[in-house]
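Here is the structure we will look at.
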Amino acid sequence: MRTPIIAGNWKLNKTISEAVALTTELRDLVAGSKGVEIVVAPPFTALDAVSKVVNGSNIRLAAQDVYWEDSGAFTGEVSVPMLKDIGCDYVIIGHSERRQYFAETNQTVNQKVQAALSHNLKPILCVGELLEEREAGHTEKVVESHVTGGIKGLIETELLSCVIAYEPVWAIGTGKTATPDQAQDVHKYIRDLITNTYSKDVASQICIQYGGSVKPENAAELMTQPDVDGALVGGASLNAESFAQIVKHAL
Ligand code: PGA
């Protein structure tokens, strides 16, 4: 059985004191929740403080991005060993905002995925189509290129350390979530893709979470879909109550 994963992507939000307050409230609300992997992804500046708050709890820490070199003359970048050192277990890679505003490509995404895995940091690989791509009937083609490009060169055990997050770009921050059927169709497509390129066994084990305007009101129905293994939550993760409610829907 796959353990669902509920991850909160805080994006460019929260100072250190705000991050500590949010995490402390969340930690108390989800204390004792079992059978679900709970992850928060604060901005880099708050990782250290949040790491101390979640230490010993059932909340895991993620970063929102990483660079693929371990060290060197790469001004402004943060490496995998640095994230491990601060207490991260996960890193979000290839979020659509990074593809859109920071020129991430399948190739750079793949380099980051490989770098993360080489130090046992688990990638949350984001994939998903733009509205015009969906309307043109290209959803599967785009998702296929994001998935196969992102996981290129991985052996089975490495792939099983990854989480795939299907996030249709038109549903991110728009309040327009995919219907449970739309999400299920693409999640099944991704799982079939993994069956064809790896094996049925690997495909049945890998976690595929949905992201895009997930809220307490729509989380339960999305997560009852057979191939939806949790959620990557943006806006609703900035409030401890609503994020905790989404976690409860995954139980
Ligand atoms: P949203 O963001 O929940 O605010 O739509 C999701 C994401 O970008 O991961």
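Each row is one residue, and each column tells you yes or no for (1) within 14 Å of the ligand (Cβ to nearest atom); (2) out of contact with any strand residue (DSSP E or B) (no Cβ under 8 Å at 6 or more places or on another chain); (3) closer than 21 Å to ILE164 by Cβ; (4) not polar (S, T, N, Q).
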residue: ASP85; (1), (2), (3), (4): no, yes, no, yes
residue: TYR101; (1), (2), (3), (4): yes, yes, no, yes
residue: ASN120; (1), (2), (3), (4): no, yes, yes, no
residue: GLY128; (1), (2), (3), (4): yes, no, yes, yes
Legend entry - Search result, residues across segment 113-137 that are of a type in the set (D, E, K, R), part of a helix (DSSP H, G or I) and closer than 23 Å to ASP229 by Cα: ARG134
Inset, instruction - Determine which single condition ALA116 fails, assuming it passes every other condition in (1) of a type outside the set (Asp, Glu); (2) within 14 Å of the ligand (Cβ to nearest atom); (3) open to solvent by less than 60 Å² (accessible area, probe 1.4 Å); (4) modelled with pLDDT of 95 or more. - result: (2)
Inset, instruction - Find the strands (runs of 3 or more DSSP E) located wholly in segment 1-68 whose residues include 3 or more that are within 16 Å of the ligand (Cβ to nearest atom) and touching a residue at least 40 places away in the same chain (Cβ under 8 Å), and list them. - result: 5-9, 37-41
Legend entry - Residue ranges of helices (runs of 4 or more DSSP H) in segment 141-251 with at least 3 members more than 15 Å from the ligand (Cβ to nearest atom) and open to solvent by less than 20 Å² (accessible area, probe 1.4 Å): 180-197
Legend entry - Output for segment 159-177, where each listed residue is of a type in the set (Gly, Ala, Ser) and either over 17 Å from the mean Cα position of the chain (by Cα) or at pLDDT 95 or above (or both): SER161, ALA165, GLY175
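The values are calculated or read from the model by the stated rules, or taken from the named source; none is laboratory data. Remember, it's a predicted structure, so these values are computed and weren't measured experimentally. Note that we place each Cβ from the backbone using ideal geometry, even for glycine, and neighbour counts take in every protein chain shown. To get the accessible areas, we keep the full protein, side chains included, count just its heavy atoms, and leave off ligands, DNA and RNA. Shrake-Rupley method; radii C 1.70, N 1.55, O 1.52, S 1.80 Å.
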